[in-house]
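Engineer: Before I ask anything, let me first share the structure, which is written out below as structure tokens.
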Ligand code: GLU
């Protein structure tokens with residue numbers, strides 16, 4: 001019997017030029033695929049039209065090609081498949097598992113304050129205090145005519161619908177049990193874009209036959225949400241592996257908002273893809289360049305290390 005195909009994907013969001021942190025993540029996926037004789041697919045996660053731009057998608061594809069990342073088949077561009085995600089949303093809606101939420105961020109924060117809980121700001125989105133959960137149907141309908149709204153998952157109802165405990169599996173075969181109530185009623189369709197990353201990613205992982213998700217440690221907290229959605233939508237669940245993030249000299253993760261060095265900068269400074277790859281594939285590689293180091297200085301130092 002032929003062995004079933006293993007398949008992973010690299011799924012960047014084109015909200016800026018590709019930086020060294022993205023390159024590191026792409027290489028992790030590629031290394032895994034090569035070591036497993038697996039397919040590596042490329043998916044551009046561009047549903048957030050408020051932040052993504054087509055020119056960034058194009059430059060990401062060029063940067064990946066330059067870096068030597070080969071992918072299998074066509075690139076999947078999420079913005080071209082919106083009906084797939086809307087169908088999934090409709091399924092949850094028909095089963096009464098989601099509800100419209102009219103709250104603004106400020107309203108939620110105020111409510112949390114009034115309740116006397118002071119969670120860390122970053123946790124606020126998880127700590128939705130249920131303001132819109134029990135609005136009567138007629139009132140909901142009225143408000144939906146006149147107000148902008150997001151859709152939230154009713155986690156309590158979702159747990160009841162599942163009956164049994166659910167787990168996600170890591171690469172070592174360890175099962176991680178999900179406690180849905182700790183996830184909070186998360187947003188499944190945003191007010192502004194009408195869908196969400198969580199919903200789109202589980203739909204696409206299933207449609208593309210992804211068996212293994214290799215992604216950064218920063219997304220570990222989303223894995224429980226994804227597993228829960230897979231169980232509700234009766235989608236298969238891949239195995240998850242969360243790789244370390246490459247950090248800068250201050251121990252912060254490389255991200256667009258920290259103005260990380262872009263691949264374009266490095267290319268223009270004359271650094272070869274091979275030098276960058278070799279550097280990033282070293283065990284414990286850290287991007288130990290000061291914030292204001294020029295691409296030229298970086299290129300020179302990387303070049304002299306090899
Ligand atoms: N598009 C997500 C990001 O760029 C990654 C999604 C995933 O790997 O699940 O952070």
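Engineer: Would you please name the residue that is farthest from residue 197 (Cα to Cα), looking only at residues in segment 1-23 that are surrounded by 22 or more Cβ atoms within 10 Å (Cβ to Cβ) and more than 15 Å from the chain's Cα centre (by Cα)?
Structural biologist: For segment 1-23, the residue satisfying everything is 20.
Engineer: Looking only at segment 231-252, count every residue that is surrounded by 15 or more Cβ atoms within 10 Å (Cβ to Cβ) and out of contact with any helix residue (DSSP H, G or I) (no Cβ under 8 Å at 6 or more places or on another chain) and tell me the total. It would help to see each step written out before you state the result.
Structural biologist: Start the filter on segment 231-252 by keeping residues that are surrounded by 15 or more Cβ atoms within 10 Å (Cβ to Cβ), which leaves 231-233, 235, 237-243, 245-248.
Subset that is out of contact with any helix residue (DSSP H, G or I) (no Cβ under 8 Å at 6 or more places or on another chain): 239, 247.
Selection size over segment 231-252: 2.
Engineer: Could I ask something else about it? Condition (residue is modelled with pLDDT of 95 or more, surrounded by 18 or more Cβ atoms within 10 Å (Cβ to Cβ) and under 27 Å from residue 190 (Cα atoms)) applied to segment 26-33: is it met by at least one residue? Spell out how you get there, then give the answer.
Structural biologist: Kept after step one, since they are modelled with pLDDT of 95 or more, are these residues of segment 26-33: 26-33.
This time we only want the ones that are surrounded by 18 or more Cβ atoms within 10 Å (Cβ to Cβ), so: 26-30, 32-33.
This time we only want the ones that are under 27 Å from residue 190 (Cα atoms), so: none.
Within segment 26-33 (the criterion being modelled with pLDDT of 95 or more, surrounded by 18 or more Cβ atoms within 10 Å (Cβ to Cβ) and under 27 Å from residue 190 (Cα atoms)), the answer is no, since none of the residues qualifies.
Engineer: Of everything in segment 17-42 that's part of a loop (DSSP other than H, G, I, E, B) and on the phi < 0 side of the Ramachandran plot, which residue is farthest from the ligand (Cβ to nearest atom)?
Structural biologist: So the first thing to find is which residues in segment 17-42 are part of a loop (DSSP other than H, G, I, E, B), and the list is 17-18, 37-38.
With on the phi < 0 side of the Ramachandran plot added as a condition, the list becomes 17-18, 38.
Details: 17: 13, 18: 11, 38: 15 Å.
Only one residue tops the list, namely 38.
Engineer: Those residues that are over 12 Å from the mean Cα position of the chain (by Cα) and within 12 Å of the ligand (Cβ to nearest atom), I need them from segment 226-241; list them, please.
Structural biologist: Keep residues of segment 226-241 that are over 12 Å from the mean Cα position of the chain (by Cα), which gives 227-241.
Once the filter is applied, which keeps residues that are over 12 Å from the mean Cα position of the chain (by Cα) and within 12 Å of the ligand (Cβ to nearest atom), segment 226-241 yields 238, 240, 241.
Engineer: Step by step: first the residues of segment 43-85, then only those that are touching a residue at least 60 places away in the same chain (Cβ under 8 Å) and assigned to a helix (DSSP H, G or I), then the one that is nearest to residue 16 (Cα to Cα). Which residue is that?
Structural biologist: Result: 59.
Engineer: Further question on the same structure: Which of the residues that make up segment 146-166 are part of a loop (DSSP other than H, G, I, E, B) and either closer than 14 Å to residue 98 by Cβ or touching a residue at least 60 places away in the same chain (Cβ under 8 Å) (or both)?
Structural biologist: So in segment 146-166, the residues part of a loop (DSSP other than H, G, I, E, B) come out as 147-149, 154, 163-166.
Once the filter is applied, which keeps residues that are part of a loop (DSSP other than H, G, I, E, B) and either closer than 14 Å to residue 98 by Cβ or touching a residue at least 60 places away in the same chain (Cβ under 8 Å) (or both), segment 146-166 yields 149, 154, 166.
Engineer: State yes or no: is residue 64 surrounded by 20 or more Cβ atoms within 10 Å (Cβ to Cβ), over 12 Å from residue 263 (Cβ atoms) and within 14 Å of the ligand (Cβ to nearest atom)?
Structural biologist: Spelling it out, it is not the case that residue 64 is surrounded by 20 or more Cβ atoms within 10 Å (Cβ to Cβ), over 12 Å from residue 263 (Cβ atoms) and within 14 Å of the ligand (Cβ to nearest atom).
Engineer: With respect to residue 241, is the statement that it is more than 29 Å from residue 208 (Cα to Cα) and either part of a loop (DSSP other than H, G, I, E, B) or at pLDDT 80 or above (or both) true?
Structural biologist: Working: more than 29 Å from residue 208 (Cα to Cα): no; either part of a loop (DSSP other than H, G, I, E, B) or at pLDDT 80 or above (or both): yes.
In short, no.
Engineer: Of the residues that make up segment 247-261, is at least one part of a loop (DSSP other than H, G, I, E, B), on the phi > 0 side of the Ramachandran plot and either within 16 Å of the ligand (Cβ to nearest atom) or in contact (Cβ under 8 Å) with a residue 24 or more places away in the chain (or both)?
Structural biologist: yes
Engineer: Right, another one. If I filter segment 269-289 down to residues being exposed (fewer than 15 other Cβ atoms within 10 Å of the Cβ) and either modelled with pLDDT of 90 or more or out of contact with any strand residue (DSSP E or B) (no Cβ under 9 Å at 6 or more places or on another chain) (or both), which single residue comes out as nearest to residue 22 (Cα to Cα)? Give the steps one after another, and end with the answer.
Structural biologist: Filtering segment 269-289 down to residues exposed (fewer than 15 other Cβ atoms within 10 Å of the Cβ) leaves 270, 274, 278, 281-284, 286, 288.
Still in the running and either modelled with pLDDT of 90 or more or out of contact with any strand residue (DSSP E or B) (no Cβ under 9 Å at 6 or more places or on another chain) (or both): 270, 274, 278, 281-284.
Values: 270: 19, 274: 16, 278: 15, 281: 13, 282: 16, 283: 17, 284: 16 Å.
Here the answer is 281.
Engineer: With (1) in a helix (DSSP H, G or I); (2) within 16 Å of the ligand (Cβ to nearest atom) as the list, and residue 143 as the residue in question, which single condition is left unmet?
Structural biologist: (2)
Engineer: Next up: Take the residues of segment 207-225 that are closer than 22 Å to residue 5 by Cα and within 13 Å of the ligand (Cβ to nearest atom): which is surrounded by the fewest Cβ atoms within 10 Å (Cβ to Cβ)? Before the answer, list the steps.
Structural biologist: Restricting attention to segment 207-225, the residues satisfying the condition of being closer than 22 Å to residue 5 by Cα are 207-215.
Subset that is within 13 Å of the ligand (Cβ to nearest atom): 208, 210, 212-215.
Details: 208: 17, 210: 24, 212: 19, 213: 22, 214: 25, 215: 21.
Checked segment 207-225; the qualifying residue surrounded by the fewest Cβ atoms within 10 Å (Cβ to Cβ) is 208.
Engineer: Within segment 1-9, can one find any residue that is touching a residue at least 12 places away in the same chain (Cβ under 8 Å) and within 11 Å of the ligand (Cβ to nearest atom)? Walk me through how you get there before you give the answer.
Structural biologist: Residues of segment 1-9 that are touching a residue at least 12 places away in the same chain (Cβ under 8 Å), as a first pass: 4-9.
Next cut, within 11 Å of the ligand (Cβ to nearest atom) only: 8-9.
Checked segment 1-9: at least one residue is touching a residue at least 12 places away in the same chain (Cβ under 8 Å) and within 11 Å of the ligand (Cβ to nearest atom).
Engineer: Which residue is modelled with the lowest pLDDT, if the candidates are limited to segment 172-194 and must be surrounded by 13 or more Cβ atoms within 10 Å (Cβ to Cβ) and under 18 Å from residue 213 (Cα atoms)?
Structural biologist: Residues of segment 172-194 surrounded by 13 or more Cβ atoms within 10 Å (Cβ to Cβ): 176, 178, 180, 183-191, 193-194.
Keeping just the survivors that are under 18 Å from residue 213 (Cα atoms) gives 176, 178.
Details: 176: 97, 178: 94.
Among those residues, the one meeting the criterion is 178.
Engineer: Here is a further query. It is to be established whether one or more residues within segment 204-223 are more than 16 Å from residue 292 (Cα to Cα) and touching a helix residue (DSSP H, G or I) at 6+ places or on another chain (Cβ under 6 Å). It would help to see each step written out before you state the result.
Structural biologist: Here is the first cut: in segment 204-223, the residues more than 16 Å from residue 292 (Cα to Cα) are 204-223.
Now drop any that are not touching a helix residue (DSSP H, G or I) at 6+ places or on another chain (Cβ under 6 Å), which leaves 214, 216.
Among the residues of segment 204-223, at least one is more than 16 Å from residue 292 (Cα to Cα) and touching a helix residue (DSSP H, G or I) at 6+ places or on another chain (Cβ under 6 Å), which makes the answer yes.
The values are calculated or read from the model by the stated rules, or taken from the named source; none is laboratory data. Everything numeric here is computed off the predicted structure, so don't read it as measured data. Every residue, glycine as well, gets a Cβ built from its backbone with ideal geometry; the counts of neighbours run over all protein chains shown.
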